[in-house]
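Working notes, structure below.
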Amino acid sequence: MNAVDFLTQTIRIAIPYLFAASGGVIAERAGIVSLTLEGFMLSGAFGAALGTHYSGNPVVGVLSGVLCALIFSLIHALATIRYRADQVVVGVAVNLLAIGITRFFLKLAFDSSSNSPRVAGFGGNMQAAGFDNPLLWLGLLVAPLVAFVIYRTPYGLRVRAAGDHPDAAESVGVSVKRVRWIAVAASGILAGLGGVYLALDQHQFTDQMTAGRGFIAISAVIFGRWNPIRAALACLLFAAAETLQIQLQGSHAIPSQFIEMIPYVLTIIALAGVVGRSVAPAALGKAAD
Amino acid sequence: MSASVTAERKPSRFATAAWRERAEEALLPPLVALLVALICGDLLILSYGQSPLEVYSLLIEGTWGNAYGFGQVLYKATTLTFTGLAVSFGLRAGLFNIGGESQLAAGGFAAALAGLALPGTTPLILALPLCIIAAGAAGGLVGAVPAILKTRFGAHEVIVTIMLNFIVLAFLNWMIAEHLHVPETLHTPEIRAGALPRLADMFPAFHGSAANLAMIVVLAVAIAVWFYLFRTSGGYGLRAVGLQPDAAEYGGISVGRVWLKALTVSGVIAGMGGINYVLGYKHYYEDGFAAGAGFLGIAVALVGRSNPFGVIIAAFFFATLSQGGLAIHAFVPKQMMDVLQAVVILAVAMSVPEVRRVLRGSRRRSDA
C-alpha cells in the first residue's frame, strides 16, 4: 500500500468522526455535554438505511437520517435544557434509547435483529475510491465551516458565551437556553450525517454499527481542546491509527487491541494535562436558569 | 450534625413532615417514570399489532410467575445491585462513575484468575473470600485511575471512566484472545476453586436458573454500604462532599481524599459484581460477559435514588424488564425492553428536578 492509498483510506475512516466531532464541538462550546454523539450517529445511520430502502434514493436517505438524529437531539435538548436533567445521565439514556429504538424498528421494518437489506449509496466508481461521494466532501468541509461559525459569527460568539459565562450572556440579553437548543440540534444534525455516511458507505444498517465511533469523536473534541480545527486534526490522527491497524492485521507486530486504545489513552493524557492542559468550557454540564 | 441525627430518630411533628417531604421527592420520579414507561410500552406493543394486556401478563408470568423465571430475575438483579451500588457510592460523593462496565469485567476476570490459580482442593470458605478480594482489587484498580487523575490533575471522572472502559475492555479482550482462551472460544478454562452453589442445588424448583449464593454477598455489601453511608462519620463526610464540596472542605474534610475513596470503593463494588457470573453461573470468564450491566447500574442507582435499599428494588425492576423481554419475545421483539429501560432513565432524570421544583413551590405557597 502506498502513501496515497493510506491517505485516502484514512480520510474515508475519518469522515464519520469529522461530522460527529464538529457537532460535539458546537454543543460542548454551548455548555451541553455531548455523550450523545454515539446515539445521534446510530439513529442517523438507521434513518439513512430506512429512507434509502423505501425510496431507493440515497438523497431521501440523507434527509430521513438527519431527521432521525435531529429527533434524538431534540429529546436530549428537551431533557437537559427544558427539564434541567443531569446531562451525563441523559447522555447515557439517549444512547441506550438509540440502541433500543434502532433494534426494535430493525425488527419491525426488516424482520431482522442484525442488519437491514442492502441499500443504494452515492458514487461507487472503483477508480474514485469513495471520493465521488458528495458526503465525503461535505465531511471535509464541515470542520472549517464550524470554526467559521464559532469564531466569526454573532451566533458563534453567543455559543461561546453560553458555554463559558452563561450568566454574563443572559445579562446582556442573550437567551442561553435558545442558543443551547440550536447548538444541540446542530450537533444532532452533524453527528447524524456522520451516521448517514457510515450506513450509505457500507450500503446497509447493522445493529450498533457505530461501534463506539461517537466516543472516539468525543475523544477528538477533548484532545482537540474544544477547537473545531484541532478536533478535526485529532479525528484524522485517530483515523490514521485505525488505518495502520488494518494494515498491520495479520502481521502481529502490535496487537490490534493496543492500537484501538490509542484515542482513549491520548484523551486521558490530554485531560491529565501532561501535554498542554485540556480545559473544558467553564459552564459545561451546568443547567441554565 | 448530631442535632440532625437526633431529629431524624425522634418522631417529632417536624421530623415526620421532613421525612414525608423527602419520601415524596424520592418516590415520585420513579412512579412518574413507571407510568411513562407503561405508556411507551403500550405504544410499542400496539405498533407490533399485539395486545398490551396480554403481553404484560406474559411478562409477569415469565418472570415472577414461575420459579425458573424468578431465579433468572434474582440472578440478573444480583449483578445490577452490585453495579447500582457502585454508581450510588460515587454519586453520594457527587461523582459519576461511568466505568462500571469495565470494572465489572475486570473483577470477573480477576475472580476467574484466582479461581484458576487456587488448587482444586481449596475449601469454598477460603476460596470465596480470596476470589472476592481479587475481583474487588481489580475493580478498585480500574476505579483508582480516574480517582487519582481527578484529585491530582482535575481530570473529569466521567470522561476518564468512559475512556477507561474502552481501554480495559480492549486489554481484557487481548488477554483472552491471545493468552487464556480455550481453543475456539473467547472464555477461560473452568475455575478449579471458588464455584458457588446455585439456588437450584437447594431448591430443585429453580432448576436451570442461574441464581446463586452471590446474592447473599451482594445483600451483605448493600447493608455495609448503607451502614457506612448513614451510620459512620466517614460516610457523613462523604455525603457532605457530595452535597457541598466547598462547605465540606471548609468544615475540615479533605475533599480530595473523599473523592479518591469514593471512586476507588465504587470500582471495588462493581468489580465484586464479577463473581455472580464467574463464580456463580458459568465458572469461567468470558469476553463481553458484562453486556451492559455496568451501564445499567447507572439506571439502577438513579431509580433507586442512590439509597442501597432503593438500589435493590430498582435492580429487581430492571432485571424483571430484561428477563421479561425473553418471556414476550415470541409476540413482541425483546428489544422493546431496551427502549423501555432508556425511557425509564430519561423520565426519572427529567422528573427529579421538576418534581423538586413543583413540590417546593407548592410547599412555599402553603407556608405563605
- Note on the structure: The condition from (1) within 25 Å of A:Thr267 (Cα to Cα); (2) buried (at least 24 other Cβ atoms within 10 Å of the Cβ); (3) at pLDDT 95 or above that B:Ile159 misses is numbered (3)
- Hey, can you tell me all the residues within region B:309-320 that are surrounded by fewer than 24 Cβ atoms within 10 Å (Cβ to Cβ) and either facing chain A (nearest Cβ under 10 Å) or in contact with a helix residue (DSSP H, G or I) (Cβ under 6 Å, 6 or more places away or on another chain) (or both)? B:Ile312, B:Phe316, B:Thr320
- Task: Please determine, by comparing only the residues of region A:32-60 that are of a type in the set (Gly, Ala, Ser), more than 30 Å from A:Gln247 (Cβ to Cβ) and at pLDDT 95 or above, which one is nearest to the chain's Cα centre (by Cα).
- Result: A:Gly39
- Which condition number does A:Ile101 fail, the rest of (1) more than 8 Å from every other protein chain (Cβ to nearest Cβ); (2) of a type outside the set (Phe, Trp, Tyr); (3) part of a helix (DSSP H, G or I) being met? (1)
- List the number of the failed condition for A:Ala79; all other conditions in (1) over 22 Å from A:Gln202 (Cα atoms); (2) under 15 Å from the mean Cα position of the chain (by Cα); (3) among the small types (Gly, Ala, Ser); (4) assigned to a helix (DSSP H, G or I) hold. (2)
- Note on the structure: Filtering region A:202-236 for residues that are within 16 Å of the chain's Cα centre (by Cα), more than 14 Å from chain B (Cβ to nearest Cβ) and either modelled with pLDDT under 90 or surrounded by fewer than 24 Cβ atoms within 10 Å (Cβ to Cβ) (or both) leaves a count of 6
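Within region B:188-205, is there a residue that is within 14 Å of another protein chain (Cβ to nearest Cβ) and assigned to a helix (DSSP H, G or I)?
no
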- Query: Pick from A:Ala93, A:Ala128, A:Ala147: which is surrounded by 20 or more Cβ atoms within 10 Å (Cβ to Cβ) and more than 17 Å from A:Val66 (Cα to Cα)?
  - Reply: A:Ala93
- Residue identified as closer than 26 Å to A:Ile81 by Cα and not polar (S, T, N, Q) among A:Ala211, A:Ala186: A:Ala186
- Item | Where a residue in region B:14-42 is over 23 Å from A:Asp86 (Cα atoms) and its partner, wherever it lies, is in a helix (DSSP H, G or I), with Cβ under 6 Å and at least six apart | B:Ala15/B:Ala7; B:Gly41/B:Leu340; B:Asp42/B:Pro52
- Run B:His329 past the list (1) in contact (Cβ under 8 Å) with a residue 60 or more places away in the chain; (2) within 11 Å of chain A (Cβ to nearest Cβ) and report the number of the one that doesn't hold. (1)
- Task: Looking only at region A:269-287, decide whether some residue is part of a loop (DSSP other than H, G, I, E, B) and at pLDDT 90 or above.
- Result: no
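The values are calculated or read from the model by the stated rules, or taken from the named source; none is laboratory data. As the structure is a computational prediction, the values presented were derived from the model and not from experiment. FYI the Cβ positions are ideal-geometry reconstructions off the backbone, even for glycines, and counts take in every protein chain you see.
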